[in-house]
Amino acid sequence: MKGSLLYEGKAKKVYYVENEPEQLVLSYKNDATAFNGKKKDQFEGKGRLNNLITSKVFEYLKQQGLSSHFIKSLNDTEQLVSKTTIIPLEVVVRNVAAGSITRRLGIKEKEIFSPPLVEFYYKEDELDDPIINDQHALYLTDVKEEEIQFIKETALKINEHLKDLFKQSGLKLVDFKLEFGRLADGTIVLADEISPDTCRLWDENTGEKMDKDVFRENLGDLISVYENILQRLEENTCAK
Ligand code: ADP
Ligand code: UDP
């Protein structure tokens, strides 16, 4: 059923699906990269963990009435999704200050943003994904003014759902990155992944970092941390 390779990125391979031109298979790799590919490593089992975590998160969002590209998980490392044309924007939502915003604006780590912030970055590796404003997004992509508003509102709605989901697992959602794409009919839907590679998650009790910062900052064993996130999500969804 899996067809030829369409694209290989830093964390996933994307395949066509035979006889299903509007679907793709996302195959999660064991590679970890940070600082726009400048730091690299491989972790046995990471692809499986990110695939299973992302699948749980997208299933939860579906239960909350949010449509996305996600169709189903196929096996340990692969999932079936609707094919989209990705809008080259990285949409970041921040509840708590961490990462680039602390360096760019001198805001102390752990400061709370209420209401949460929504930021756009231009998804262009050669430019190191620069931060942009709404006017830049209108100029650089095919999104319309009202679609910018839709993307922001949807990102904030997703934030509320994800905060709840992770809170039930004893995790604080600090920030995360989303990507949106257009289906064949032009509709904009949530795409890509939502995993500890794309979210910052802190243990609610200890404050321990339980996401890709473990790799970025050499804090410990990435796989056991991601395994722990999956276990917490499984316990939480099984209990219902
Ligand atoms: P990167 O391209 O940043 O290295 P990945 O390794 O995660 O990232 O590659 C996956 C690629 O697949 C990304 O470019 C992402 O935008 C794209 N993608 C994710 N979901 C879809 C989808 N539903 N349709 C088309 N492309 C998608
Ligand atoms: N993020 C991501 N992909 C990127 C850039 C950021 O998934 O290319 C996520 C990152 O994991 C974090 C959030 O977006 O959860 C905000 O990232 P930030 O701007 O702080 O950048 P960082 O300092 O993590 O590089």
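Every number in this text was worked out from the coordinates using simple rules, so none of it is lab data. None of the values given here were measured: they were computed from a predicted structure. Using ideal geometry, Cβ is built from the backbone for each residue, glycine included, and neighbour counts are taken over all protein chains shown.
Remind me, relative contact order of the chain in percent, using alpha carbon pairs under 8 angstrom and six or more residues apart?
Contact order relative to length: 18 percent.
Give the distance, in whole Å, between the Cα centre of the stretch 188-240 and the Cα centre of the stretch 89-130.
Their Cα centres are 18 Å away from one another.
When only alpha-carbon atoms are used, what values of Rg and Dmax, in angstrom, describe the stretch 120-170?
So, for the stretch 120-170, Rg and Dmax equal 14.2, 41 Å respectively.
Can you give the percent of C-alpha pairs in the stretch 34-110 whose distance is more than 18 Å?
In whole percent, the long-distance tail amounts to 64.
Under 5 Å between amide hydrogens, which residues at least 5 positions from Phe180 or on another chain qualify, with H placed 1.01 Å from N in the peptide plane?
For Phe180, the qualifying residues are Ile87, Leu89, Ala191.
Among the listed pairs Lys12/Lys108; Lys110/Lys144; Lys38/Lys157; Lys40/Lys157; Lys29/Lys144; Lys62/Lys172, give every one whose C-alpha distance is greater than 31 Å. Mind showing how you got there, number by number?
Values: Lys12/Lys108 33 Å; Lys110/Lys144 34 Å; Lys38/Lys157 33 Å; Lys40/Lys157 33 Å; Lys29/Lys144 34 Å; Lys62/Lys172 21 Å.
The pairs that break the limit, which is 31 Å between Cα atoms, are Lys12/Lys108; Lys110/Lys144; Lys38/Lys157; Lys40/Lys157; Lys29/Lys144.
Please report Val17, Val91 as a ranked list, fewest other C-beta atoms within 10 angstrom at the top and most at the bottom.
Fewest-to-most Cβ neighbours within 10 Å comes out as Val17, Val91.
Only counting other Cβ atoms within 10 Å, I'd like Ser4, Ser169, Ser195, Ser100 sorted with the fewest neighbours first.
If I rank by nearby Cβ atoms, fewest first, I get Ser4, Ser100, Ser169, Ser195.
What are the equivalent ellipsoid semi-axes of the chain, built from the alpha-carbon gyration tensor (square roots of five times its eigenvalues), in whole angstrom, biggest first?
Values: eigenvalues 122, 105, 68 Å².
With the √(5λ) rule applied to the chain, the semi-axes are 25, 23, 18 Å.
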